Amino acid sequence: MHGTATSGWLLVALCAAAGSYCLLRLRDSAGDQRGSVGGEALMGFGMAAMAVPAAVLTPPRWVWAGYVVVFLGAALHTLVRAGGSGHRLHHLLGTLAMVYMAGAMAVAPAGAHSAHLQGATGAGSGAPLITGVLLVYYAGYVLWAGARLLPVPATAGPEGGGGTALVGWGERPELALVCRLSMGIAMLAMLLTL
């Protein structure tokens with residue numbers, strides 16, 4: 001899941017920042033939302049760990065197998081509470097994508113690992129059809145989430161004041177969307193190198 005060292009470190013920083021913000025949101029979350037935010041934090045930190053450049057750390061196969069187990073558990077947890085919510089289904093697909101990427105790295109031949117981790121083209125270890133479907137989904141998700149961040153005209157509140165009150169970091173829906181958008185972009189980048 002690694003490209004050049006610079007792009008790898010940028011992905012690590014992006015995903016770690018997203019995971020950290022999700023931890024901040026976790027303090028202010030309750031009930032079902034808490035599980036969703038916790039899943040986003042797990043996803044952010046998991047993606048950050050997977051993006052560490054190979055020049056710094058090339059994990060053994062059992063680490064990739066550990067990722068598979070952790071994210072399969074997260075996928076099962078999400079599936080149990082999925083219901084019909086589109087956001088939860090997005091979480092389910094994200095955790096399954098993490099299982100897929102970690103599984104592809106766990107079963108890749110040793111030579112393909114080093115070439116793949118250094119960003120060589122044609123060294124991918126994933127199934128092209130599954131990778132393609134995930135790329136299409138995440139490209140669509142990134143466009144959809146980005147479009148939702150476009151400014152909309154302000155409306156006047158009940159008192160006629162159109163301003164916004166100061167709210168905590170965890171109560172800012174646009175920041176949560178930026179976090180999800182960032183992780184979607186990171187997922188696209190990781191899938192492109194698979």
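Structure summary
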read-out	value
Condition met for Ser36 (without any contact (Cβ under 8 Å) to a residue 60 or more places away in the chain and among the hydroxyl-bearing types (Ser, Thr, Tyr))	yes
Subset of region 132-151 that is open to solvent by 100 Å² or more (accessible area, probe 1.4 Å) and without any contact (Cβ under 8 Å) to a residue 12 or more places away in the chain - its residue that is farthest from Gly86 (Cα to Cα)	Pro151
Close pairs (6 angstrom Cβ cut-off, 6 or more residues apart or separate chains): open to solvent by less than 60 Å² (accessible area, probe 1.4 Å) in region 56-69, part of a helix (DSSP H, G or I) anywhere	Trp64/Ala102; Trp64/Met105; Trp64/Ala106; Ala65/Ala106; Tyr67/Ala102; Val68/Val99; Val68/Ala102; Val68/Gly103
Cross-chain or 6+ apart pairs with Cβ under 7 Å, region 5-29 first and open to solvent by 40 Å² or more (accessible area, probe 1.4 Å), then aromatic (Phe, Trp, Tyr)	Leu24/Trp169
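Conditions tested, residue by residue: (1) at pLDDT 90 or above; (2) open to solvent by less than 60 Å² (accessible area, probe 1.4 Å).
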{"residue": "Phe71", "(1), (2)": "yes, yes"}
{"residue": "Leu79", "(1), (2)": "no, no"}
{"residue": "Gly86", "(1), (2)": "no, yes"}
{"residue": "Leu117", "(1), (2)": "no, yes"}
{"residue": "Ala120", "(1), (2)": "no, yes"}
{"residue": "Ser125", "(1), (2)": "no, yes"}
{"residue": "Ile130", "(1), (2)": "yes, no"}
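The values are calculated or read from the model by the stated rules, or taken from the named source; none is laboratory data. Quick caveat: nothing in here was measured; it's all calculated off a predicted structure. No Cβ is skipped: glycine too gets one built from the backbone with ideal geometry, and neighbour counts run over all protein chains shown. Side chains included, ligands, DNA and RNA excluded: accessible areas come from the protein's heavy atoms. Shrake-Rupley method; radii C 1.70, N 1.55, O 1.52, S 1.80 Å.
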